[in-house]
Amino acid sequence: MTIRHGLKNIELNPWGLNLLNHVKSQVIDKEWYKDINLTCRGQMDEIEKWTGVKKLHELIDEGTRHDGFPEVICAHSFGAENLNYVRGNRGDEITRGIGNLQQLVAGKLMLRKNALFAVYPPGGYISWHNNANASAYNFIFTWSESGQGWFKYWDIEKQEMVVFKDKPGWQCKAGYFGSYQDPHHTLCYHAARTDCLRMTVAFTLTKDEMGIQLQDQIIEEISA
């Protein structure tokens, strides 16, 4: 089976935007993220260290010693472990609401698993990593308040940096994160940062032929 690699930008149609704007209307407009503690534990001022080129190449040099996880996420993360510690009196509302939004998007688009659901404050970021531990075809939906951010990945095959600059509103990227058992060029080292409010909701499919076919179907359904 031919394995795709890298990520591509998908222009969203009104149906896809309407679905994602429902997510924004809950998480951003109701400011649910403000009740979730930041995950970075005092590392807010280390954005250059964790998203710079030096860190990328240090991680590449680690080879398979890198477990695939980002070392630092400076964001309000809606992972289950964080929802157990919601501040204020909206814990039940937020926990149920996030679960409902995950099910809604996954159900409408036939996606398998929510891999990331986080709101980055200005100065927020996710450090370089490659998700080799969670290899799959995927979709990454990103909302940006004013477009002052970016997502980058290192194209191993071309030995060049690919930059997706944020824009105000929603964007979608679709691609594949390879594992250490896949061809080396399918590894996707990536990072993101922002100088404005930014939300990312990412989902995975499988990593087989069915995953490829389903990714194509979803792109056709949501693209302009």
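Rule-based calculations on the coordinates, nothing more; no lab input. Bear in mind that the values here come from a model prediction, so they are computed numbers and not experimental data. Here the Cβ is made from the backbone with ideal geometry for all residues, glycine too, and neighbour counts use every protein chain on show.
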Looking at the square roots a ≥ b ≥ c of the eigenvalues of the Cα gyration tensor of the stretch 88-138, which shape do they give, rounded for a/c under 1.5, prolate if a/b is larger than b/c, or oblate?
oblate
(1) 41; (2) 33; (3) 38, with the label sought being that of the calculated percent of Cα pairs over 25 Å apart
(3)
Relative contact order (%) - the chain, alpha-carbon pairs under 8 angstrom, separation at least six
30
Proximal aspartates and glutamates to LYS152, defined as alpha-carbon separation beneath 17 angstrom and excluding residues fewer than eight positions away on the same chain:
GLU48, GLU58, GLU71, GLU160, ASP166, ASP195
Those lysines that a straight Cα-Cα span of less than 29 Å connects to LYS30, excepting residues fewer than 8 apart in one chain:
LYS108, LYS113, LYS165, LYS167, LYS173
Charges at C-beta only: +1 for Lys and Arg, -1 for Asp and Glu. How large is the resulting dipole of the chain about its Cα centre, in Debye rounded to 20?
340
Could I have the simple spin-label model distance between GLU48 and ARG4, label points 7 Å from Cα toward Cβ, reported in nm to one decimal?
3.7
How big is the stretch 119-224 along each principal axis, measuring the range of its Cα positions in Å and listing the largest first?
37, 31, 23
Using only helices, what value at 222 nm comes out for the chain when you add -39,500 (n - 2.57) per DSSP H run of length 4 or more and divide by the total residues, to the nearest 500 deg cm²/dmol?
-9000 deg cm²/dmol
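Arranged from highest to lowest average of other beta-carbon atoms within 10 Å per residue, in what order do the peptides 44-55, 70-81, 194-205, 85-96 appear?
Working: 44-55: 15.2, 70-81: 19.8, 194-205: 22.3, 85-96: 13.2.
Ranked by mean Cβ neighbours within 10 Å, highest first: 194-205, 70-81, 44-55, 85-96.
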